[in-house]
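See structure below.
The values are calculated or read from the model by the stated rules, or taken from the named source; none is laboratory data. What you see is a predicted model; the values in this text were computed from it and never measured. Don't worry about glycine lacking a Cβ; one is built from the backbone with ideal geometry, like all the others, and counts go over all protein chains shown. Just so you know, the surface numbers come from the protein's heavy atoms only, side chains and all, with ligands and any DNA or RNA stripped out. Shrake-Rupley method; radii C 1.70, N 1.55, O 1.52, S 1.80 Å.
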Amino acid sequence: MRLRPAVLAASLLASTAATGSAAQPLAADGEAAFRATYKELVETDTTLSAGSCTLAAERMAARLKAAGFADQDLHLVVEPSQSKEGSLVAVLPGSDSRRKALLLLAHIDVVEANRADWERDPFTLVEEDGFFYARGASDDKAQAAVWVDTLVRFKQEGFKPKRTIKMALTCGEETAGAFNGAQYLAQQQRDLIDAEFALNEGAGGMLDDNGKPIALNIQAGEKFPQNYRLEVTNPGGHSSRPVKENAIYRLADALVKLRAYDFPILSNEATRGYFGAMSKLLPGPAAPSMAAFAADPKDAAAAATIAAADPAWNAILRTTCVATMLDGGHATNALPQRSRANVNCRIFPGTSVEAVRQELERVVGDPQVKITTLETRSEIAPPPPLTERVIGPAKKVAAEVFPGVPLVPVMAAGGTDGAFLTPAGIPTYGLTGFFSDREGSRAHGLNERMRIKSLMDGRTFLYRLVKVYAGS
């Protein structure tokens with residue numbers, strides 16, 4: 001591991017200045033400079049296969065340095081064996097040492113993108129029909145660019161926060177099993193990112209079919225991703241002499257049982273709050289059941305109605321497990337000696353990894369199907385509490401930027417780097433202010449996009465919110 005002030009080479013700074021990316025004239029709120037930051041970050045390839053998070057971190061550090069950040073407040077964290085997967089931690093010191101810091105978290109790595117599959121070059125930011133298109137345009141370089149831009153604006157304004165503001169741009173969130181910068185910081189450099197709480201990706205806002213904001217979400221907690229391997233072995237034989245006992249058939253029988261099974265209904269503060277709010281915001285056949293479930297999460301009929309109405313709602317009501325990969329046989333003319341399936345589970349907070357494995361064994365009910373827990377990336381943390389210290393300022397600023405739009409808690413069915421910070425004692429909340437329609441941002445998929453108005457509105461929201469958190 002290398003931990004050093006991000007003293008950047010003169011050539012890098014000169015290159016930045018030459019392109020004008022760090023020294024453009026600012027609009028009234030610096031939108032031109034923000035666009036340049038966003039463009040540079042998006043167009044820096046940070047895929048695991050061919051890119052470099054370290055280069056992206058260096059470029060963002062150069063912008064902060066140009067804005068007036070001292071070398072001692074810019075830390076490039078690079079584990080020697082992972083030279084391209086570096087992180088950047090920036091610090092804007094507060095005036096009150098009694099107040100714990102606020103941490104702004106974002107990952108700068110992106111999912112792989114094949115140019116041949118995309119309508120546009122995935123690593124060139126394209127502005128078209130009210131959207132930005134590129135890999136990472138939404139996930140998660142939009143928020144990362146906003147964090148950099150916010151710190152630049154604070155420094156240029158001479159803003160003196162009472163609470164120290166820290167920013168961590170990390171690598172490895174998108175690839176299971178890869179080096180993860182947030183995990184590394186939480187385990188190896190905990191003091192560097194120590195904070196009372198953190199803001200992260202994980203929740204945005206909903207637009208109706210006419211583009212009107214319906215609700216702004218704040219994520220409090222997330223399901224835990226865990227893979228299990230189901231495996232059947234068999235002596236095999238020649239395919240000209242088939243027998244009923246077949247490794248593929250036995251595995252298939254197990255998967256059919258899994259398909260038919262639903263884990264028990266569960267709830268927490270975030271999911272009850274979510275369904276209670278959405279019962280008023282989304283009138284329809286499921287609305288009465290949402291209200292009933294929020295009032296009494298043991299109402300099985302209400303939960304069943306909600307789960308059947310939308311797969312996304314079902315996903316936040318229970319642990320879910322689904323087969324995602326198959327591997328079986330060794331030759332086209334031989335009976336299979338081995339058959340395996342990967343089952344990806346998203347575990348509801350409060351349920352252990354081992355408890356889910358045991359439940360899978362019970363559901364399958366076949367001792368010849370071996371069920372193994374694969375790599376576990378972190379502890380399962382309880383959802384962070386929705387305290388007034390967090391919710392109060394968010395509601396206040398949301399009312400200013402998005403008048404009439406309620407702030408609605410939500411638990412994420414997917415996973416974020418908050419899974420590493422919350423267990424380490426830094427409660428992490430997903431809050432972006434980025435609104436999207438039913439189609440969403442196409443994150444991880446083809447032609448990923450970010451609605452331009454949503455990005456600019458979210459930038460305003462987060463800038464004001466961080467200032468309130470840091471100054472109160």
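Would you calculate, for the chain, the mean residue ellipticity at 222 nm contributed by helices, counting each DSSP H stretch of 4 or more residues as -39,500 (n - 2.57) and dividing by all residues, to the nearest 500?
It lands at -10500 deg cm²/dmol.
Roughly how many Å is it from the Cα centre of region 435-472 to that of region 364-385, as a whole number?
Measuring centre to centre over Cα atoms gives 33 Å.
Could you grab the Rg to Rh ratio for the chain? Cα atoms only, Kirkwood for Rh.
Taking Rg over the Kirkwood Rh, I get 1.00.
Report the net charge of residues surrounding ALA56, where surrounding means a beta-carbon distance below 14 angstrom and charges are Lys +1, Arg +1, Asp -1, Glu -1.
Numbers: positive: LYS39, ARG59, ARG63, LYS84, ARG135, LYS141; negative: GLU40, GLU43, ASP45, GLU58, GLU85, ASP109, ASP140, GLU173, GLU174.
Net charge in that neighbourhood comes out at -3.
How far is the Cα center of region 294-326 from the Cα center of region 33-59, in Å?
Here the answer is 38 Å between Cα centres.
Run the quick spin-label model on THR372 and GLN156: label points 7 Å from Cα toward the beta carbon, then report their separation in nm to one decimal.
5.5 nm
Can you check what the net charge comes to around LYS395, using other residues whose Cβ is under 15 Å from the Cβ of LYS395 (Lys, Arg +1; Asp, Glu -1)?
Working: positive: ARG389, LYS396, ARG464; negative: GLU388, GLU400.
Around LYS395, the surrounding residues sum to +1.
Could you tally the net charge around MET206, taking each other residue with its Cβ under 9 Å from the Cβ of MET206, Lys/Arg +1 and Asp/Glu -1? Display every interim value, and only then the final one.
Working: positive: ARG438; negative: ASP208, ASP437.
With Lys, Arg at +1 and Asp, Glu at -1, the net is -1.
Relative contact order, percent, of the chain when contacts are C-alpha pairs under 8 Å separated by at least 6 residues? Write down the numbers at each step before the final one.
Values: 970 pairs, mean separation 97.4, N = 472.
Value for the chain: 21 percent.
Work out how much length ASN342 to ASP96 would gain on full extension: take 0.36 nm times their residue separation and subtract the Cα-Cα distance, in nm to one decimal.
Values: separation 246, 0.36 × 246 = 88.56 nm, distance 5.03 nm.
Full extension from ASN342 to ASP96 adds 83.5 nm.
Show VAL111, VAL77 ordered by accessible area, largest first, where the area counts protein heavy atoms only and the probe is 1.4 Å. Display every interim value, and only then the final one.
Numbers: VAL111 35, VAL77 10 Å².
Result, largest first: VAL111, VAL77.
Evaluate E = 1/(1 + (r/R0)^6) for ASP262 and ASP29, where r is the Cβ-Cβ distance and R0 equals 60 Å; express this FRET efficiency to the nearest 0.05.
Numbers: r = 49 Å, r/R0 = 0.81.
According to the calculation, E is roughly 0.75.
Hey, which aspartates and glutamates would be in cross-link range of LYS396, C-alpha to C-alpha under 14 Å, not counting anything within fewer than 8 residues on its own chain?
Within reach: GLU388.
Report the relative contact order of region 172-309, percent, no decimals, based on alpha-carbon pairs under 8 angstrom and at least 6 residues apart.
Working: 89 pairs, mean separation 16.1, N = 138.
RCO, region 172-309: 12 percent.
With the crude spin-label approximation of a point 7 Å out along Cα→Cβ, what separation in nm comes out for MET456 versus ALA300?
The modelled label-to-label distance comes out at 5.3 nm.
List the lysines whose Cα lies under 17 Å from the Cα of LYS370, skipping any in the same chain that are fewer than 8 positions away.
Cross-link targets: LYS257.
May I ask which of LYS166/LYS223; LYS84/LYS453; LYS84/LYS166; LYS212/LYS395 have a Cα-Cα span longer than 30 Å here?
Details: LYS166/LYS223 26 Å; LYS84/LYS453 33 Å; LYS84/LYS166 22 Å; LYS212/LYS395 18 Å.
The pairs that break the limit, which is 30 Å between Cα atoms, are LYS84/LYS453.
Are there any GluC sites (Glu not before Pro) in region 106-171 that are in a DSSP loop and have at most 12 other Cβ atoms within 10 Å? List them by number.
Working: sites: GLU112, GLU119, GLU127, GLU128, GLU157; in loops: GLU112, GLU119.
Loop-located and lightly packed - GLU119.
Given 0.36 nm per residue, what is the gain on full extension from ASN333 to ALA116 after removing their alpha carbon distance, in nm?
In short, 74.6 nm is gained.
Roughly how many Å² is the accessible area per residue of the chain, as a whole number, for a 1.4 Å probe? Mind showing how you got there, number by number?
Numbers: 20260 Å² over 472 residues.
Roughly 43 Å² per residue, with all protein chains present.
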